[in-house]
Amino acid sequence: MQVVSHLDIPQPARAWLQHSGSLSQQYTRVTGLSMQISLRAEGMSLPFEQECAVLKVGVDEKLWVRRTHLGTNTRMFSYARVVVSEKAFAQHERRWRELGTQLLGDAFLYTVAGLRRSPFTLYQVIPSDALHQEAWVALSQPHEPTEPLWARQSILYLEDAPVLLTEVFLPPFLDYSV
């Protein structure tokens with residue numbers, strides 16, 4: 001992943017990446033389609049090196065990792081990767097384990113008192129990056145990806161315990177303006 005300035009990102013991608021509200025609600029508003037979460041995997045796993053650096057944990061430390069796609073029955077619009085620090089997982093273990101296909105915002109962003117969110121860091125994710133490969137799976141494309149994807153990352157602080165949220169925007173989202 002390569003950090004980029006918002007000025008380097010073309011519209012409408014820039015508007016989507018800087019949108020601070022609920023992505024699922026925004027997708028529903030602009031597409032007229034009902035959005036749903038597709039849970040790809042969740043459980044204890046090794047985070048990517050970049051995620052370890054952001055969370056300030058060792059590369060051999062297993063954390064709770066949740067991978068989801070957001071879209072409709074026929075189109076996926078975004079991919080989310082959530083890496084939960086040991087402290088945040090311990091504080092809300094039952095909630096994390098029972099999250100299922102519930103939206104992260106519904107479970108935490110709008111219900112946990114005192115939750116804070118860092119500003120977004122914007123990225124261009126190249127096809128050789130593992131994050132790009134994980135996100136691309138939802139598109140069920142017969143060919144290898146050649147185009148970079150746009151992503152944003154922020155840290156959610158649950159009672160001062162960090163949760164890293166990375167959202168990768170898939171090509172169908174570019175069909176719609178915020």
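Just so you know, all these numbers are worked out from the coordinates, no wet-lab data involved. Keep in mind that this is a model prediction, so the values were computed, not measured. Every residue, glycine among them, receives a Cβ derived from its backbone with ideal geometry; neighbour counts consider all protein chains shown.
Structural remarks
- The set of residues in the range 73-88 being in a loop (DSSP other than H, G, I, E, B), in contact (Cβ under 8 Å) with a residue 40 or more places away in the chain and under 22 Å from P172 (Cα atoms) consists of R75 alone.
- Looking across the range 20-37, just one residue is loosely packed, with under 15 Cβ neighbours inside 10 Å and within 20 Å of L149 (Cα to Cα), and that is S20.
- Which numbered condition T68 fails, given (1) in a loop (DSSP other than H, G, I, E, B); (2) among the β-branched types (V, I, T); (3) in contact with a strand residue (DSSP E or B) (Cβ under 8 Å, 6 or more places away or on another chain); (4) over 14 Å from L156 (Cα atoms): (1)
- The set of residues from the range 13-63 being assigned to a loop (DSSP other than H, G, I, E, B) and within 16 Å of L131 (Cβ to Cβ) comprises L46, P47, F48, V59.
- Subset of the range 104-130 [assigned to a loop (DSSP other than H, G, I, E, B) and small (G, A, S)]: A113, G114, S118, S128
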